[in-house]
Each structure stands twice: as C-alpha cells, then as structure tokens.
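The next block holds one structure in the form of structure tokens; read it before the comments.
Just so it is clear, none of the values below were taken in a lab; they were calculated from the coordinates. All figures in this text were calculated on a predicted structure; none of them were measured in a lab. Virtual Cβ from ideal backbone geometry, glycine too; neighbours counted across all protein chains shown.
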Amino acid sequence: MRRISSPDLKVLIAAALTSAAVAVGSSDIVLRALCGMSLVSFLPGYAAMRLLRPQAAFSLSYAIVVVGVSFGLCIAGGLALQLVGAMNSAGWAILLSTVTVALAVAADRVSMPELPASQIAETPPQTVVATAGVTSKQTALLAASLLTVGCAFWVARDAAIARQEFWATEFWMVPRGESPIALTLGVRNREQAPADYAVELTLEGDVIAAWRSIRLRPGESWTTPIDLPVETHAGRRAEAQLFKNNDRQTVYRRVWADAGRRN
Amino acid sequence: MDGAVTATTGPAPTDGIGARALRRVLQIIGVGQPADIAELGAGSGWGLLAHVCLTASIGLLLIAIAQAGGWRNSPWSETAYWIGTATIVLPAATRITWPRVARQERLGLVLLLGLAFYAVKILYSPIRFAHFDEFLHWATAIDIMDRQHLFSSNSLLPISPLYPALEILTTALANLSGMSVFASGMLLLAVGRVLFLSAIFLLFEGMTGSSRVAALACTVFMAGSNFSLFEAQFAYESLAFVLLALVLLTDAQMKAAHETAERSAGVGLWPVAGLLLLALAATHHLTAYFAALFFTLLAVLEALHPGSPDVRRRVAFALLSLLAAFGWSSAMGNPTAGYIGPVFEQGFQELYRLLSAHGPARVPFVGEDGIGMPRWQRGTALTAMVLVCVGLATGFFRALAVANLRLLVADGRRWKIAAQGFDSGTVLLTLLTLAFPLSVLLRLTKSGWEIGSRLETYAYLGIGFVVAVAIAVFWQGPSQCRVRAAGVAAALAIMLMAGAILGWAPFAVASRYKVSADSLSIEPVGIDAAEWTRRWLGSGNRFATDRINRLLLATYGRQTPVTTLQSGIDTSHVLFATKIASDELDAIHYAGIDYLLVDMRLTSALPTLGVYFEGGEDAAIHANPPAASALLKFNALRQVGRPFDNGMMVIYDVRSLRAPH
C-alpha cells in the first residue's frame, strides 16, 4: 500500500483518528468537545475538498465551504448511521473518522500537479484572513473584551440559576410495580426553607396510616411504600393528605388513587 | 452574458416643469444612472475592531445585568437592556460606514455584530432552551439521542422529525463531545452564524467587487426582524439559512470558475453543491423550496439570452435544487402540503379581505394581550421602515445597474432597457426586494403574519444588497466626509435597533411569569413537574395539557402531549369545560389520553400570546380566564386518580375513562 505523501493529509488522518479515539475514550469534556467539533465541522470537509479541489488555495471562501461540506457529510452520515441504529458516540466517531481517512487517502491518490515555477512565484500566500497588524493595544483590548463577555455570561448564568419565582412542595402517590394494591407515597420540599410535614392516608375516609413528622430541607424528598389492606378489586379510593408545619386544619396537598385497580 | 438587449416601452417625459421634476425624481431613484461603487480609500490592519469589540462586550454586560434585573421585575432593566443594545449597535454601525476601513476589519465588524446579537440571545437563557420553537426541535433531538434513529414521531411539531438535519448535527456533536444537546446546539449555531455572515459577505463582495458594499449589505440584513432571535433559535430555519448561503456561495464560485479558464475547479464543486442542496433539503422545507425557486428563476433569466455560456450550468443547478427539495419531500411523504398549505391559504385569504377592506387587520405594535409597544419603540420601528423604503427606492435601479441592467430614458420620448451582459444573480437578488411590500402586508393579517415574517427573511437578502448599493452609490457615495458617514451610521443603527425591537418584542427583557407567554412561562416549578412525570410515571404517556406544559412534558418529561396538529383532536375543552360531558369523554377516548396536567396559574390571566393551547382554538375560551372549578372538575369523578399535586399543578389519571362511552 502506498504511503500518504502530502504532509497536510498525514496530519489530517492523524487528527481524525485521534479525535475519534478521544471522543470515545476520554472523559475530559473540553477535550472531547474540541475533538467532536473538529470531526463534525472540519476534518471530513477538508478531506473532501482536498479530493474535489486539490489545486484550490486555502482562502476564506475555501474555509467556509470546508465547514459546510463537513456539515453536509455529517448530515448524510447521520442518514446512513440511523439505518444501523448506531447514532451514538462510537458510531459517529467511527463514521466520521473513516470518511475523513477514506477521503484523505483518495485525495492523496489524486496527485496534485506541480505548478510551474512562474505561477508559484505569482501565487501570493493566502490565509483565511490576514493576520497582520495586531498591535499590543489591540490584544489588550480584545483580552478586556473577552473578560467582559465572560462576566456578562457569568451574571446571566447566575441569574438564570437563581431564578425561582414559585416555591412548591410536591406530593404524590403512584402505583408501585404491577400489584394493584402497592403504592408509593412521596413528598419533596421545593420551598425556600426547611419544613415539617405530616401525611395521613385514608381508605374510603378511614385513616389507615399516618406519618407525623417528616422534616425536609429544601431539595430533600421522602418516599415510602404502601401496601393497602384491601382485596384486589376496584372502587376503593385511597387518599393521602399532606399537612405542613403542624397545621392540621389546612390540607396542604391531596392526592388519591383507586385502590385495587390497575389500568 | 454577451450582447446588448434593448427594449422600448412606455411614454417618455417631455420638456416642461413636470418633465423636469420627473427627470429629477428619476435621477434621484437612479433610473439610467451608472452605479459606480467607490471603496472610500483602503485602510489597513484591524483598525478599530478591538475597540468596537470592547464596546460590544460592555453592551453585552449591560444586557446581562438587565436580564438579571428583569427576572426580579426591576424597573430599570428595560432601560439598561436597550442602552446595552445601542452600545453594541452604534459603534459597529459607525465603523462599518467609516471611510478608509480595511476589508478584514469590515468583515471582522460584520462577524462581531452578528455574534453579539447571538450572544444577546444566549444571555436571555444561558443554561437551557427558552423559546417555543427550540422545544419543538429539542424534542426531536432527544428522541434521536434516546432511540439512536431518526424519523420517530413528535406530537409538538410532526414535521420536525422529517427534516432532521439540525438534530443530526447537534446529536452528533453531543454524542462525540459529551455535551448536552443545548450546549451542542448553541455551539453549532454560533459556528453557523459565522459561516452565514462570511458567506453572504463574500457573495455580496463578489457581486460588487466592494468589501464596503458587502459589509453594508450584511449589516442591513442583520437589521431584519428575524435575525436577532428567530434565526438564532435552535430551530431548523437557523441551519437552513446557513446552508442556503453556502449553496449561493458555491454557485457563485462555480460561476466564477466557469467564466475563467478554471473549468475543472468548477467541476469539483458539483458534488459540493449536490451535498449542500441535499443537506438543505433535509433541513427545512420552505428554505429548500425557496432555493429551488431561486435557482430555477436564475436559469430562466439566463436562458432569456441565447448564447449565454452559463445557461447549461444554471439549468443543471436548478434541476439539482428541484430534485433535492422535492425528492426529499416526496421521500418523506409530502408532509408540507398539509402543514403549510392551510397556513398559506388562510393567510392569503385574509390578505385579500384586508386589501378589499372587508377584513380586520392586526394592529401593528400591539400584542395579543392588547399591550402596545412603548412610543419610542414604535417610532424607531417606523423610522426604520421609512429608511428601508427610501433605501429601496434609491437603490433598486442602481442595484440593477450594478448588474448591468439599466433603464434609460432615450430621446426624450421613450424608455429603453439596456441589458448588456447583465448578471442574472444580481438582478434576481434585486427583484427579491419586491417581496418586501407583500411581507409587510401579510404581517398585518392575523393568520398571514407568520408567512409575512418568513418571507421577510428571504426578502432581506435582496434588501441588504439594494440598500447597501443605495448607500455606497447615492447617500454616501465616494464622499469621505465624516458627517455624511455619521448620518449613514445613524440610519443603520436605527435599522438595527428596530430589527432587535421587532424581533424580540415584547419579550426582549426577562420578566416574571406570565400566562401562555412562551419563554416567560417556562420556570423551574413547571420543569420539576415534567421531570417528576418521567421519574414516577415513566415516559411516553399521552398527556392533555396547555401550550407551555406540552413543551415541558415532551422534553423534560419525555411524554407525548396530545396536540390537534398531530391527532386532529382538540383537547382544550377537556381541561376548560365546566362540566364533564360526552364531548370531553369522547376526546379522552379518541385521543387516547392517559393523564391530564392542570396548571392552576392559567386561572390568573388571559393568554399573553393569544392562545392557551394552540392556534385555531375556540375563541370563546378567551373571554375570561378559566375558572379553578373547571380545571379541577375531575376531582368529582371517582374513577379518576390524582397522583400528583404541587399546589399549582395537578395531574389526573384518566386512563379509566379511555374506554368508549
């Protein structure tokens, strides 16, 4: 088998394989994000463009099309991956790295004709955008900008996380497993302060169980399994009432289920 | 195209005061005028880009502070927000219009402005999706992540899984990176925005040979009302526009290669064009159809001139775009006819009634809740509209002249069209502006505003170009006068501000919970309830609930909300009727409803955006907010369970009612 001769294609193949390995094997999310982004938005497109337009110089328009082709290949790849039900990290890593390597190998086979010396002399070096003239003042201003934008995101994120307009205690009673008389009763404190709860369980109005002091801090929850003392037939209502902070006059929450019946 | 084409038409002005006035008007609007675009001197380096970066970042910080204040209903938040926006917009607009600015700086300014607008959208909700359309596509993405295959159903937007390109890209990145769908989507859309702006910059630059016009055109495009929010959402249109710009750029590159000796390079671009058109077809129906129509018209324009060397390529490109758009749609079972058809039909019927003075119009600048925009916002929006119209009036014929298509007043008696080697792409882009008045009229109708809004986005590709030509040739011209540049900058800034106002209003600034107000109705208690359903009821249950909780249940809860869009069954009365009658029981039976989620907060107000559930719901439910007793009527049914109660939201288990009655 012929070795890859173009240095950029060698780097491309190495980058594709490394990115795929990192995406599947690493737990570092920043590294995985970088590698994932390169596989989705650059490497396959670059390989494809090297195959399709081997003589094109790397310019801004070339770079844009490279990313666009990467997106296109990724979308087409997704349509193929779904056929085998492999739209997971391994599936994507294998697909995109394989496509990149295959296109790079094919691009290497399409020999790039050497430009005549006169044309080489006339071809100006091109970059994505000119990078000349970034002064130290501009660098400092850009750094300050980044810092300010970082602060803006921090402020917005902090506010979004802290946003809590309503406070609620969740109370529930749901079936447990397949048994028609097995239930789970639960309380979750999503309020601002710790609270003492009491729960009373009735069957057709008769109290059959009670939990007098359930102290929950914000974010904490309490659950308990219940097996109702009834035959497995329909039509008996089990109702649970929640009381808060020793106020037994006010039913804070109510839930109920039809005991003995399953849908 | 080679060869001159001339045509004569219409009466020509004769001498006299009227004729002289007409001639002056024609001169102002550029009829028969050449379009000499000046570059205003060549700058060098990055100029003041870093300075503008800093002012934009300060603007973003102000906006972040405003949003933080908004959640607490601080009275200053609105003011801080708009000052922040102006801090972003004004320096960038000023610098873009300034003389002697280098190409790289102009491009940098365009990208900076575009990304700053995108950052504004992220700052609104930096930790989770917040906007209605985003939930629709997030639901599809979640399905792909969970099931590892495409085309599963999405009751919120049934057509979304059939156009899954955005979700494919996002879930690919999410799988590879380990990031959430939200983070992956936001990152991809940021890259997409850079691609889009760079592509249209190069496109406009290629058409005019001027980076100045390109930067101005991009800036005017960004002043469209959809740019700041709608095209920044995690929704299929956002990616579709990126792909559309890339297809246009590829076409331009092929044309350039065709016109030079590099035909082989052009051949290499055919697979690229095919791939991008396929990707576009799998992304968004309307944009794919627009691309097909655009390239078909381009081929027709080219074919008007026999002998044009580009006709065959244009025809082939048009066929490829038609094949991609309609081929994909056909493969998906032609879902668009049933989805878009009724919207178009109703929209245009309303437009007809509006134009014939038989139908009611939407009141501009007033929301569905009857609350109007502040005066300064209305003034800014109206001023921007006037500026766009003036720009179009003075740029339309000049833009055609850029394309070598000139309307001449010949021999004082007749008019003549001189079309010597005109550029079809430039002509078509200019003609695209004719869609603008239609989009404005459609936005005045109750059903057609959505079509008008979408149409405006496409029209703005042409509007950006035409207004930029008007500035570069007429308003600012070759003048290096800074006062004149400042005047143009002020006009651009007003247009950009108006775009942000119209795009975001009335929800630009965060505020406390409102009933049925999309992003303002999504808050942690609702999210917790949806997550509770997933944890304790399992996923995939069929829920009847209101518009907002549908979004939360489908995404955080992984449930299947029952929607009229998918099932054809209206379940609004199941929740809002004061009594349970056979209609309600039938709806539960036929829609196969497992659970009802009742949000007691709906009793506090009428829907801010005009609907509690979805468009087309019974108008009678908008007379008053629903009564609490109506929402809680299922308490009285013995066979109905009540598994969840958090004080604001109650879930009823109605599976026992699904049997036929």
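Here the Kirkwood formula, the inverse mean of 1/r across different C-alpha pairs, assigns segment B:156-294 a hydrodynamic radius of 16.1 Å.
A convex hull fitted to the Cα coordinates of chain A yields 225 cubic angstrom per residue. Ratio of Rg to Rh for chain B: 1.00 [Cα atoms; Kirkwood radius as inverse mean 1/r over pairs]. Between the C-alpha center of segment B:306-337 and that of segment B:604-661 there is a gap of 48 Å.
Per residue, chain B reaches -19500 deg cm²/dmol at 222 nm when only DSSP H runs of four or more residues are counted, each adding -39500 (n - 2.57).
Comparing segment B:544-661 with the 2.2 N^0.38 Å rule of thumb, its C-alpha radius of gyration ratio is 0.98 (two decimals). Value of Rg to Rh for segment B:415-556, rounded to two decimals, is 1.19; Kirkwood radius and Rg both from alpha-carbon coordinates. Quick check: pseudo-label points 7 Å beyond the Cα along Cα→Cβ at B:I83 and B:S604, how many nm apart are they? Here the answer is 3.0 nm between the modelled labels. Remark: mean inter-chain Cβ contacts per residue of B:119-129 equal 4, using a 10 Å Cβ-Cβ cutoff to other protein chain atoms. Each of B:L585, B:I527, B:T563 was scored by the projection of its Cα onto the charge dipole of segment B:526-586, and the greatest displacement toward the positive side belongs to B:I527; charges sit on the C-beta of Lys, Arg, Asp and Glu.
Counting only Cβ charges, +1 for Lys and Arg and -1 for Asp and Glu, the dipole size of chain B around its Cα centre is about 1300 debye.
Please compute the Cα-Cα pair-distance distribution of segment B:272-346 with 5 Å bins starting at 0, giving whole percents from short to long. The percentages, shortest bin first, are 3, 17, 22, 20, 15, 11, 7, 3, 1. Summary of packing: across the peptides A:52-61, B:498-507, the per-residue average of other C-beta atoms within 10 Å ranks them, highest first, as B:498-507, A:52-61.
Of all aspartates and glutamates in the structure, those lying under 19 Å Cα to Cα from B:K255, and not within fewer than 8 positions of it along the same chain, are B:D2, B:E205, B:E302, B:D310, B:D423.
Considering only Cα-Cα distances, which of the following residue pairs are longer than 29 Å: B:K121/B:K514; A:K244/B:K633; B:K446/B:K514; A:K244/B:K121; A:K10/B:K121; B:K121/B:K446? Those over the limit are A:K244/B:K121; A:K10/B:K121.
Full extension of the chain between B:A620 and B:S152 yields a length gain of 165.0 nm, computed as 0.36 nm times the residue separation minus the alpha carbon distance.
Per residue of B:645-657, other chain Cβ atoms within 10 Å of the residue Cβ number 5 on average.
Ranking B:A183, B:S604, B:L112 by Cα position along the charge dipole of the protein assembly as shown, where only Lys, Arg, Asp and Glu carry charges on their C-beta atoms, puts B:L112 farthest toward the positive end.
Projected onto their three principal axes, the Cα atoms of the protein assembly as shown cover extents of 101, 80, 55 Å, largest first.
Helices from chain B with mean Kyte-Doolittle at least 1.6 and a Cα length along the axis of 24 Å or more, per DSSP H: which? It would help to have the intermediate numbers written out before the result.
Numbers: long enough: B:49-71 (33 Å, 1.65); B:77-97 (30 Å, 0.58); B:103-124 (32 Å, 1.03); B:181-208 (40 Å, 1.88); B:236-259 (34 Å, 0.88); B:263-281 (27 Å, 1.55); B:285-303 (27 Å, 1.64); B:311-331 (29 Å, 1.00); B:336-355 (27 Å, 0.15); B:375-402 (39 Å, 1.06); B:449-469 (29 Å, 0.85); B:482-504 (32 Å, 1.56).
Passing helices, by number: B:49-71, B:181-208, B:285-303.
Shielding of peptide A:165-178 by partners, expressed as the average count of other chain Cβ atoms within 10 Å per residue Cβ, is 6. Quantify how much of the Cα-Cα distance distribution of segment B:95-208 extends past 18 Å, in percent. Percent of Cα pairs beyond 18 Å in segment B:95-208: 59.
Rounded to the nearest 20, the Cβ-based charge dipole of segment B:175-285 about its Cα centre (Lys and Arg +1, Asp and Glu -1) stands at 80 debye. In the protein assembly as shown, taking the dipole from charged Cβ atoms about the Cα centre, the farthest positive-side position among B:A21, B:T394, A:G68 is held by B:A21.
In chain A, the longest principal axis of the Cα atoms and the axis of helix A:29-41 are about 50 degrees apart. Here, segment B:289-444 has an Rg and a Dmax of 20.7, 59 Å when only alpha carbons are counted. With the helix formula -39500 (n - 2.57) applied to DSSP H stretches of n ≥ 4, chain A reaches a computed 222 nm mean residue ellipticity of -15000 deg cm²/dmol.
Here the protein assembly as shown carries DSSP beta bridges of which approximately 95% are antiparallel, counting only pairs with both residues inside.
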